[in-house]
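The values are calculated or read from the model by the stated rules, or taken from the named source; none is laboratory data. Values in this document were obtained by computation on a predicted structure and should not be read as measured data. Backbone-built Cβ (ideal geometry, glycine too); neighbour counts: all protein chains shown.
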Amino acid sequence: MIKLNRHLAFFDLETTGTKVATDRIVEISVLKISPGGDKESITRKINPGMPIPAEASAVHGIFDEDVKDKPLFKDFAHELNNYLAGCDLSGYNCLHFDVPLLVEEFLRVGVDFDVKSRRIVDVQNIFHKMEQRTLSAAYKFYCQKDLENAHSAEADTTATFEVLEAQLLRYPDLQNDIKFLHDFSVRNRNVDFAGHIVFNNNNEETFNFGKHKGKTVESLLKTEPSYYDWMMKSDFPQYTKKVLTEIRLRSFNK
C-alpha cells in the first residue's frame, strides 16, 4: 500500500491531440486514494468545443458524436477543481503532458488550479529510469497482466495506480513517500511545464530555448523588455506566460 499523508489523485486525459497549448480534453478519469487506502473515482467525457481529429479518435475511440451533448470543460472545471483540492497528483507521462494540458484548460476558463503546492509523481519517469518501457509493457512487467482497453482513460488510470504500487514492492530503493517519488520522477528542473524556462545551477529562472537560451529571465527582461511582449503574443502555453508574468512582476517589486 502506498504511504500517504494526504490524498493522491491518479488521472489520465484523452484529448484532441498532443499540443498542450491548443488541444482540448475529451475525457478525464481520476482515481483518488486516501491516506487510509480508500478509493473513489470519477470518469467524465468532455465536449472539447472543437472537432476531434480522426487520428485522435483512432487512438482513444472517442468521436464527435460521443461528446456532442457532454459538458464543456468550463461547466465541469469548478467541480473538478474541488474534487482535486488538497490532492497530490500522479499519472503516466503526466509531467510532460497531462498536468500541463489540464492546467491550460483551467487557465482558459479562469480557474486558479494550484500546482505549486502539489507533489507530482510521474510513473512513466520512474519506469523509464528503471526499465525503459511503455505503459502496456509496464503493466505486463510489473503486474503480469495484459492491459485491455489501452488508451481508455479509465483503464490507463487504474493501470498506472497498480504499476506504482508494484514498483514500490519491486524496488527497495524507492521510498514509499510521495515527496521522494515526486523528486525521483522529476527529470528536469523546469519552472514551467513545457520546459521553456528552467532553473540553472544558481537556482535562477533561465530561458531554455532560442537565441537567449541560458540567459536568466530577469536579466533579459531588463535589457530587452520587448521580449516579454513577443512571448505573450506568441503561441506559448498559458502556463508559460503565467510564469513569465510572475517573474516580471517580481523583478518590478524588487
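Whether any residue in segment 83-90 is among the aliphatic types (A, V, I, L, M), surrounded by 17 or more Cβ atoms within 10 Å (Cβ to Cβ) and under 30 Å from Pro172 (Cβ atoms) is what I want to check. Scanning segment 83-90, I find at least one residue that is among the aliphatic types (A, V, I, L, M), surrounded by 17 or more Cβ atoms within 10 Å (Cβ to Cβ) and under 30 Å from Pro172 (Cβ atoms), so the answer is yes. Taken together, Ser136, Ser226, Ser185 contain a single residue that is small (Gly, Ala, Ser), over 22 Å from Asn5 (Cα atoms) and surrounded by 14 or more Cβ atoms within 10 Å (Cβ to Cβ), which is Ser136.
Of the residues making up segment 181-210, just one is assigned to a helix (DSSP H, G or I) and either aliphatic (A, V, I, L, M) or modelled with pLDDT of 95 or more (or both), namely Leu181. Report yes if some residue within segment 171-179 is assigned to a helix (DSSP H, G or I), in the same structural domain as Ile33 (by TED's automatic domain parsing) and under 21 Å from Leu95 (Cβ atoms); otherwise report no. Among the residues of segment 171-179, at least one is assigned to a helix (DSSP H, G or I), in the same structural domain as Ile33 (by TED's automatic domain parsing) and under 21 Å from Leu95 (Cβ atoms), which makes the answer yes. Give the residue that is farthest from Asp112 (Cα to Cα), with candidates limited to residues of segment 229-242 that are in contact (Cβ under 8 Å) with a residue 12 or more places away in the chain and surrounded by 10 or more Cβ atoms within 10 Å (Cβ to Cβ). Of everything passing the filter in segment 229-242, Met231 is farthest from Asp112 (Cα to Cα). The set of residues from segment 205-254 being touching a Pro at 6+ places or on another chain (Cβ under 7 Å) and of a type in the set (Ser, Thr, Tyr) comprises just one member, Tyr239.
On inspection, Ala150 does not qualify as within 16 Å of the chain's Cα centre (by Cα), surrounded by fewer than 21 Cβ atoms within 10 Å (Cβ to Cβ) and assigned to a loop (DSSP other than H, G, I, E, B). Screening segment 1-98 for helices (runs of 4 or more DSSP H) wholly inside it with 3 or more residues that are touching a residue at least 12 places away in the same chain (Cβ under 8 Å) and within 26 Å of Thr240 (Cα to Cα) returns the ranges 73-83.
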